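Working notes, structure below.
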Amino acid sequence: MKPLLHFICLSLLLDFLTVSGVEPMTLQTLAEKAPLIIRATPIEMNVSRNNHGQIVTRYRMQVSEFLKGTAQTPLLDLVQSGGILGEQRVVVTGQPNYQLDQEVVVFCVRNDSGEWTTSGMWQGKFDLQKKGNELLLSRPDLHAEEPASPLKISLNELKRLLLSTK
């Protein structure tokens, strides 16, 4: 009985790791894969069910700059799986955490429903912070040997990288 229980536990663990696993993406790869890269601020958040009955969170983004690609309006809706709806809570490992009124840079791709979502899950979202006269993008680098050290790049360096990927 115990070997069977160990096998089942190991199988469930491997399934979990496979499902929640995120392919590591370099900044270059993110830039190449994302048709839209925005500098924006989340101004609204709404949790609802999508057409498939899944709980999703939609963020209304006030775009201050299109770093790559364009849209018809400076307001863009970004959707991600999971959220809290009533007493139901769905957590999707690897989803980025957006805070209202916190400026970010987001690498965007379309999901299967044609909605904009964050490319590479948490990898495609960078917090924007001012340091002296420079704007810095940062995010935890979970693939680094030292996960506590964030991946940082200046906004100007990102713009130069985007010019080189065209």
Practice problem: Determine ³J(HN,Hα), in whole Hz, for all residues of segment 86-95 in sequence, where each value follows from phi through the Karplus function 6.51 cos²θ - 1.76 cosθ + 1.60 and θ = phi - 60°; x replaces Gly and Pro. | Solution: x, 9, 9, 10, 10, 10, 10, 4, x, 5
Practice problem: For segment 39-53, just list the computed ³J(HN,Hα) in residue order, Karplus coefficients 6.51, -1.76 and 1.60, θ = phi - 60°, integers in Hz, with x standing in for Gly and Pro. | Solution: 9, 7, 10, x, 10, 8, 9, 9, 9, 8, 9, 7, 5, 9, x
Self-check item: Placed amide H near Leu67: partners under 5 Å, 5+ positions off or other chain
Solution: Ile37, Ile38, Arg39
Quiz prompt | Ascending count of other beta-carbon atoms within 10 Å, so fewest first, for Val56, Val106 | solution = Val56, Val106
Self-check item: Prolate/oblate/rounded label for segment 42-139 (Cα gyration tensor, a/c 1.5)
Solution: prolate
Exercise. Enumerate the calculated ³J(HN,Hα) couplings along segment 70-81 in order (Karplus 6.51 cos²θ - 1.76 cosθ + 1.60, θ = phi - 60°), each rounded to whole Hz, writing x wherever the residue is Gly or Pro.
Key: 8, 9, 6, 9, x, 9, 10, 9, 10, 10, 9, 5
Quiz item: Applying 1/(1 + (r/R0)^6) with R0 = 41 Å to the Cβ-Cβ distance of Arg49 and Glu157, what FRET efficiency is obtained, to the nearest 0.05?
Solution: 0.55
Self-check item: Sequence ranges 117-127, 40-50, ranked by mean other-Cβ count within 10 angstrom, highest first
Solution: 117-127, 40-50
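When Lys68, Lys130 are ordered from fewest to most other Cβ atoms inside 10 Å of their Cβ, what list results? Walk me through the numbers before you get to the answer.
Values: Lys68 19, Lys130 10.
By the 10 Å Cβ count, ascending: Lys130, Lys68.
We did not get these values from a lab; they are worked out from the coordinates using the rules stated. As the structure is a computational prediction, the values presented were derived from the model and not from experiment. Note: ideal-geometry Cβ built from the backbone for every residue, glycine included; neighbour counts use all protein chains shown.
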